[in-house]
Amino acid sequence: MNASFAIMISVIMRDVRLGWSQGGTGTMSLSFFFIAVTLFPFGVGPEPQVLTRIAPGVIWVVALLACLLSLDRLYQADYEDGSLDDLALSPAGLLPVVIAKILAHWISTSLPLVLLSPLLGLLMNLPAEGYVQLVLSLAIGTLALSFIGSIGAALTVAMRRGGVLLSLLVLPLYIPSLIFGVTGIDAAIMGLDVLPHTALLSAITLVAVVLGPIASASAIRLALE
Amino acid sequence: MHIFANPARFVRLADKIMPWAVVVFIGTLGYGLYLAFFDSPIDYQQGESVRIMYVHVPAAWMSMFTYMVIAVSSFVALVWRHPLAQIAGKAAAPIGAAFTALALVTGALWGKPMWGTYWVWDGRLTSVLILFFLYLGYMAIWQAMDDEEKAGRAAAILALVGSVNIPIIKFSVDWWNTLHQPASVMRLDGSTIDGSMLWPLFMMAIAFQAYFVIVFFWRMKLEIDRRKIAVLRLQEVSGS
């Protein structure tokens with residue numbers, strides 16, 4: 001147990017460092033998140049009421065796409081240079097490594113988005129009541145996005161142009177998280193109870209946390225054969 | 001289960017079942033269509049358009065049933081590594097996608113006169129649309145990989161993950177309770193549909209099921225033959 005824990009910590013440290021090094025996925029998804037959200041006022045017009053209405057959905061959808069953008073490199077870089085074979089042979093087995101890599105993906109790409117989201121809420125004229133729920137729902141929801149997305153990344157790891165297929169595989173599975181993430185923020189803005197939405201969102205995340213690593217690990221084993 | 005894993009035995013069994021399935025299909029389809037068009041009452045609210053139900057509801061049932069077939073055969077394929085189970089999943093997917101598309105299209109055509117719109121983002125409609133995307137993803141992953149054995153197992157993993165959506169579809173109408181009506185036929189306190197409408201619906205459901213069996217077995221046999229030819233070609237090349 002301790003050995004696998006140590007491996008997890010070192011994999012997380014390594015991946016986060018890689019994600020934030022020059023040309024890593026962390027800075028790029030953060031810039032994508034920022035730029036893509038700012039496109040919407042140009043597209044739909046700068047009227048404050050319109051922006052208020054669409055703010056939760058826009059921020060959530062763009063966060064989801066930012067997560068998706070960085071997913072195809074989750075295992076691919078390690079697969080190409082052979083370090084994934086090494087990690088699979090580690091005494092702890094593949095499962096802790098997979099969990100660590102997913103957590104590292106979340107820390108290096110989604111956590112910055114979560115922390116930046118209030119600023120984008122401000123730009124999108126989100127009402128004051130929505131901010132706490134925006135950060136909370138993104139924090140819980142993006143965790144599910146990373147864990148579900150890992151399955152798609154693992155299934156497409158050996159494909160040269162897996163990115164498009166990855167989005168076809170993963171996006172349908174993202175829809176429930178998106179629904180409850182956004183309805184929770186809408187409820188908070190309207191002054192309604194946010195607990196049911198947050199509870200359902202958390203339930204989806206918990207299912208993803210359980211199923212994601214198992215499915216990802218078996219898909220990676222398949223690719224490494 | 002293991003008895004049916006032998007492809008040769010499966011083909012013999014399928015050849016025996018096929019003619020019966022064709023007879024059942026023609027019989028129930030003819031009788032069911034006759035009942036649906038001429039011998040069932042019009043709805044006091046919906047008028048003639050209620051007859052769309054006799055295609056829409058069986059197609060929607062089959063869209064979920066086919067996915068369950070894929071999910072179960074994926075499970076068998078992953079656990080026991082039966083090649084026939086992989087073939088079953090591959091053969092069923094396009095049929096299921098077609099049923100799902102049929103359910104969505106007939107639903108839209110039924111929705112226009114009843115709800116005043118072809119499409120609403122209602123829980124049931126949205127989750128069936130997700131099901132359609134899951135079918136597309138499953139078929140895409142089969143095509144994206146060159147090694148068929150690996151493609152089959154990758155597709156099986158995806159199918160099992162996606163099977164989480166099936167209970168969501170089934171219960172979406174009870175949870176969200178929006179435009180789409182809740183379950184009327186399969187419920188614990190008995191059906192809320194009158195017998196005069198239930199009987200043609202039942203006939204059409206059997207016809208759809210028989211159609212599925214015919215096309216499913218047919219596609220499985222084709223896939224077995226295709227793999228046999230591939231092996232024979234390989235032997236021929238390596239032999240010469």
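Side notes on the structure shown:
- Only one of the numbered conditions (1) away from chain A (no Cβ under 14 Å); (2) modelled with pLDDT of 80 or more; (3) surrounded by fewer than 19 Cβ atoms within 10 Å (Cβ to Cβ) is violated by residue B:185, and that is (2).
- In the set (1) modelled with pLDDT under 80; (2) more than 13 Å from every other protein chain (Cβ to nearest Cβ); (3) surrounded by fewer than 18 Cβ atoms within 10 Å (Cβ to Cβ), residue B:168 fails one condition alone, (2).
- Residue in the stretch A:24-54 that is nearest to residue A:189 (Cα to Cα), counting only those that are open to solvent by 30 Å² or more (accessible area, probe 1.4 Å) and aromatic (Phe, Trp, Tyr): A:40
- Residue match in the stretch A:183-198 (condition: free of Cβ contacts under 8 Å to residues at least 12 places away in the same chain, surrounded by fewer than 24 Cβ atoms within 10 Å (Cβ to Cβ), part of a helix (DSSP H, G or I) and touching a helix residue (DSSP H, G or I) at 6+ places or on another chain (Cβ under 7 Å)): no
- Residue in the stretch A:171-181 that is open to solvent by less than 20 Å² (accessible area, probe 1.4 Å), among the aliphatic types (A, V, I, L, M) and either in a helix (DSSP H, G or I) or within 12 Å of chain B (Cβ to nearest Cβ) (or both) present: no
- When restricted to residues that are more than 30 Å from residue A:84 (Cβ to Cβ) and at pLDDT below 90, the stretch A:94-121 contains 0.
- Residue tally, condition modelled with pLDDT of 85 or more and part of a helix (DSSP H, G or I), over the stretch A:157-170: 6
- Residue within the stretch B:74-86 that is under 20 Å from residue B:205 (Cβ atoms), modelled with pLDDT under 90 and either touching an Asp or Glu at 6+ places or on another chain (Cβ under 6 Å) or not in a helix (DSSP H, G or I) (or both) present: no
- Number of positions in the stretch A:144-166 that are open to solvent by 30 Å² or more (accessible area, probe 1.4 Å) and either touching a strand residue (DSSP E or B) at 6+ places or on another chain (Cβ under 7 Å) or within 11 Å of chain B (Cβ to nearest Cβ) (or both): 4
- Any hit, the stretch B:110-117, residues being surrounded by fewer than 22 Cβ atoms within 10 Å (Cβ to Cβ), in a helix (DSSP H, G or I) and of a type in the set (A, V, I, L, M): yes
- Scanning the stretch B:135-151 for residues that are crowded, with 24+ Cβ neighbours inside 10 Å and either within 15 Å of residue B:227 (Cβ to Cβ) or more than 7 Å from every other protein chain (Cβ to nearest Cβ) (or both) turns up B:135, B:138.
- Some residue of the stretch B:26-48 being at positive phi, outside any helix (DSSP H, G or I) and open to solvent by less than 70 Å² (accessible area, probe 1.4 Å): yes
- Within the stretch A:127-143, considering residues that are in contact with a Leu (Cβ under 8 Å, 6 or more places away or on another chain) and open to solvent by less than 10 Å² (accessible area, probe 1.4 Å), the one nearest to the other protein chains (Cβ to nearest Cβ): A:141
- Scope the stretch A:55-92; condition in a helix (DSSP H, G or I), in contact (Cβ under 8 Å) with a residue 40 or more places away in the chain, open to solvent by 30 Å² or more (accessible area, probe 1.4 Å) and within 19 Å of residue A:174 (Cα to Cα); matching residues: A:61, A:69
The values are calculated or read from the model by the stated rules, or taken from the named source; none is laboratory data. Here the structure is a predicted model, which means the values were calculated and not measured. Because the Cβ atoms are built from the backbone with ideal geometry, glycine has one as well, and the counts that use them run over all protein chains shown. Quick note on the areas: whole protein, heavy atoms, side chains included, nothing else; ligands and nucleic acids left out. Shrake-Rupley method; radii C 1.70, N 1.55, O 1.52, S 1.80 Å.
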